[in-house]
Amino acid sequence: MASAGRTGVGTNQEDVRRHNLGTVLGHVHGAGRISRSDLTSRMGLNRSTIGGLVGELEALGLTAKGKSVGARAGVGRPSVDVLAGPGAVVLAADVRVDGLSVARVGLGGIVQARATGPAPAGHDPEVTADSVAELMRLVLKDIDPSVPVVGVGAAVPGIVRADDGFVRLAPNLGWHEVPFSALLAERLGGGMRPVLGNDADLGAVSEHLRGAGVGVDDLVYLSGEVGVGAGVVVAGRPLEGAGGYAGEIGHVPFVPDGKLCHCGARGCWETEVGGVAIAAAVGCPPDRIPSLGEFLDGIHEASPELRQVAWHIGRGLAGMVNLLNPRVIVLGGYLRPLLPLVRDDVDAAFAEHALAAPRELARITLPGLGADSVLVGAAELAFGRLLQDPVGTLTDSYASAGSVVA
């Protein structure tokens, strides 16, 4: 009986230690660089305990030492900074209607290598999985094969069941009930189980952690591609909904008996502000929608048709602000190059339709991560297991980089 009790205490202490290791690594990963004294303050642990945890993470290659760049306070030795280490990477993919992007990302959110490719004709899920896997092998070609790949994350513009990476519906890809995580796992091998998320949700996560929403607890990230979705952060936490499907703002009814949407309904908001509507307003041929961002960069004055799209954007944003009361609204995707052209019209419609109290608190802005918001968000998803349990994840790491390339 006594022996069992001691085992229980030991197990509990081990659980606490591993939890604390993950917490330390999470702080380092989020900041990229942080002093030991800051870690001590944030975690409420003594300096020797923090030193031991950091030392263990250094031994695993997950953190590294750095000279403090801050001012030295008081007497004694200056605090040593803890940096994100090179001991693990993840693979991230952004599956879009207009193309594919893949990156190898290290701790601290550093994109180490990237590759892009066209969207397969017809967006066939099997061919898409083939293409993503091939791009992932490309970004691993120049890495030390001993460095473990500890996760794979992918963003999809649709409704994703997070538990098993099953895409319930991605209307603009034409996907219905697609087991995309399983399809990608088959091609990567090495025991990998990719984790999937909605593109807008992942954009919101990354902008909150590293971009325009740093230090902001209430944020909306709008992914404006061919379709439109919203990722929402409330009180510092992602708003997911009962099944994880919250944020399909592009399919909110907007125009009674309006244009037919890819989802099968009529008058959805994305039919007025999505990529197809923007392309029509600027005279971009349908076959050039994949390069709509470049097309918008070449425009210097908004046409009446484009200003009408802007008005619809501002009115829709007003509805979101009235409902969610965010402090920051980040416009990603095609909305990113569009906003500078039509800012006055967006603001005017927003001011007319938003309630004064929430409107005064909200700021409409561009992504701090530029075009990488969703890709970096997919990497954050992939790092989840490592940040929860660094030791356990490395012990049964999904695969070395070498086995994925093979």
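In terms of other Cβ atoms within 10 Å, Lys67, Lys259 run from fewest to most in the order Lys67, Lys259.
Determine the relative contact order of segment 212-367: mean sequence separation of Cα pairs under 8 Å and six or more apart, normalised by residue count, in whole percent. Normalised by residue count, the contact order of segment 212-367 is 25 percent. Near Thr63, the amide H atoms lying under 5 Å from its own belong to Glu58, Gly85; only residues 5 or more places off or on other chains count, and H is placed 1.01 Å from N.
Farthest towards the positive end of the charge dipole of segment 212-367, among the residues Val330, Ser303, Ala277, is the Cα of Val330, using unit charges on the Cβ of Lys, Arg, Asp and Glu. Within the listed set Glu272, Glu14, Glu240, the residue fluctuating most in the Gaussian network model of the chain (springs between alpha-carbon atoms under 10 angstrom) is Glu14.
The angle between the Cα long axis of helix 47-59 and the main principal axis of the chain comes to about 70°, on a 0 to 90 degree scale.
Considering only alpha-carbon pairs that sit under 8 angstrom and 6 or more positions apart, the relative contact order computed for the chain is 18 percent. Please work out whether segment 203-309 counts as rounded, prolate or oblate from its C-alpha gyration tensor, where a ≥ b ≥ c are the square roots of the eigenvalues and a/c under 1.5 means rounded, while otherwise a/b larger than b/c means prolate and anything else oblate? Because a/c hits 1.5 or more and a/b fails to exceed b/c, segment 203-309 counts as oblate. Computed extension gain for Lys259 through Val127, at 0.36 nm per residue and net of the alpha carbon distance, reaches 44.5 nm. Here the chain carries DSSP beta bridges of which approximately 70% are antiparallel, counting only pairs with both residues inside. Candidates Val226, Leu196, Gly151 compared by Cα position along the dipole of the chain: farthest toward the positive end lies Gly151, with charges placed on Cβ.
When you count the other C-beta atoms within 10 angstrom of each residue and take the mean per peptide, 178-191, 344-357, 226-239 line up highest first as 226-239, 178-191, 344-357.
With angles folded into 0 to 90 degrees, how steeply does helix 2-31 sit against the dominant principal axis of the chain? Use alpha carbons for both and round to 10. Between the helix axis and the principal axis of the chain, the angle is about 50 degrees.
Enter the angle in degrees (range 0 to 90, nearest 10) between the Cα long axis of helix 373-382 and the first principal axis of the Cα atoms of the chain, meaning the one along which they spread out most. Relative to the chain, helix 373-382 is tipped by roughly 40 degrees.
The alpha carbon centroids of segment 120-160 and segment 14-34 are separated by 27 Å.
For the pair Ser48 and Arg168 in one chain, pulling the backbone fully straight at 0.36 nm per residue adds 38.3 nm over the alpha carbon distance. Sorting the segments 284-297, 367-380 by their residues' average number of neighbouring beta-carbon atoms within 10 angstrom, most packed first, yields 367-380, 284-297.
Sequence-ordered 3J(HN,Hα) estimates for segment 309-326 from the Karplus curve with 6.51, -1.76 and 1.60 and θ = phi - 60° stand at 4, 4, 5, 5, 4, x, 5, x, 5, 4, x, 5, 5, 4, 7, 10, 6, x Hz, glycine and proline given as x.
None of the figures in this text is laboratory data; all of them are computed from the coordinates on show. If you're wondering where the values come from, they're calculated on a predicted model, not measured in any experiment. Note: ideal-geometry Cβ built from the backbone for every residue, glycine included; neighbour counts use all protein chains shown.
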